[in-house]
1. Which of the numbered conditions does V110 fail, given that it passes all the others? Conditions: (1) in a loop (DSSP other than H, G, I, E, B); (2) open to solvent by less than 50 Å² (accessible area, probe 1.4 Å).
2. Out of (1) of a type in the set (D, E, K, R); (2) at pLDDT 80 or above; (3) closer than 30 Å to K120 by Cβ, what's the single condition that is false for K69?
3. Restricting to the stretch 94-107, give me the number of residues that are open to solvent by less than 60 Å² (accessible area, probe 1.4 Å) and under 29 Å from the mean Cα position of the chain (by Cα).
4. Test T14 against the stated conditions and say whether it is part of a loop (DSSP other than H, G, I, E, B), at pLDDT 85 or above, open to solvent by 80 Å² or more (accessible area, probe 1.4 Å) and among the β-branched types (V, I, T).
5. Within the set of pairs 6 or more residues apart or between chains, which connect a residue that is among the acidic types (D, E) inside the stretch 91-120 to a residue that is assigned to a loop (DSSP other than H, G, I, E, B) and surrounded by 16 or more Cβ atoms within 10 Å (Cβ to Cβ) with Cβ atoms less than 9 Å apart?
6. Yes or no: the stretch 75-84 includes at least one residue that is of a type in the set (D, E, K, R), within 30 Å of S125 (Cα to Cα), modelled with pLDDT of 90 or more and loosely packed, with under 12 Cβ neighbours inside 10 Å.
7. Can you tell me which residues in the stretch 36-60 are open to solvent by less than 50 Å² (accessible area, probe 1.4 Å) and not in a loop (DSSP other than H, G, I, E, B)?
8. Among the numbered criteria (1) at pLDDT below 85; (2) out of contact with any strand residue (DSSP E or B) (no Cβ under 8 Å at 6 or more places or on another chain), which single criterion is violated by G33?
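The values are calculated or read from the model by the stated rules, or taken from the named source; none is laboratory data. Computed from a predicted structure; not experimentally measured. All Cβ positions, even for glycine, are placed from backbone atoms using ideal geometry, and neighbour counts span all protein chains on display. Protein only, heavy atoms only, side chains kept; ligands, DNA and RNA dropped before computing areas. Shrake-Rupley method; radii C 1.70, N 1.55, O 1.52, S 1.80 Å.
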Amino acid sequence: MSSDTENSVSFTTTPGFCPDCGSILPLLGDQGGVTCYACRRNWGQEVFGDMAMSYTITFNSKDTYVSAKEADNENKADGPVVDRKCPQCNNDKMSYATLQLRSADEGQTVFYTCTKCNFKESENS
């Protein structure tokens, strides 16, 4: 086969698509060429035309983590807060979370946490 036959294309495609079968091509790697997933034909970087990829990396500032930690310290609730008396400290507010620990035809288990002393108790409903 001559080099003209090897480099011929079946049809004109948009950059980033295989000129032979029309499938989307994988991203260009470090070696400078790509192999089509569908027809297994190898292509050079020219198949991507003048396409360019850019990206922006945004880092959170240290203040983001400090303010999140302060918010955690201010609100010790592990979930929604309900009026329920803590058996340990008599606080009248407890947060709760539910899980389905038993079979599906039985009720959920509700876990309560005191917002003041962090006492934990559970109730099968």
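1. With (1) in a loop (DSSP other than H, G, I, E, B); (2) open to solvent by less than 50 Å² (accessible area, probe 1.4 Å) applied to V110, the lone miss is (1).
2. Result: K69 passes all but (2).
3. Selection size over the stretch 94-107: 2.
4. Answer is no for this residue.
5. Pairs found: D92/R84; D92/C86.
6. yes
7. W43, G44, V47, F48
8. In the conditions (1) at pLDDT below 85; (2) out of contact with any strand residue (DSSP E or B) (no Cβ under 8 Å at 6 or more places or on another chain), G33 misses (2) alone.
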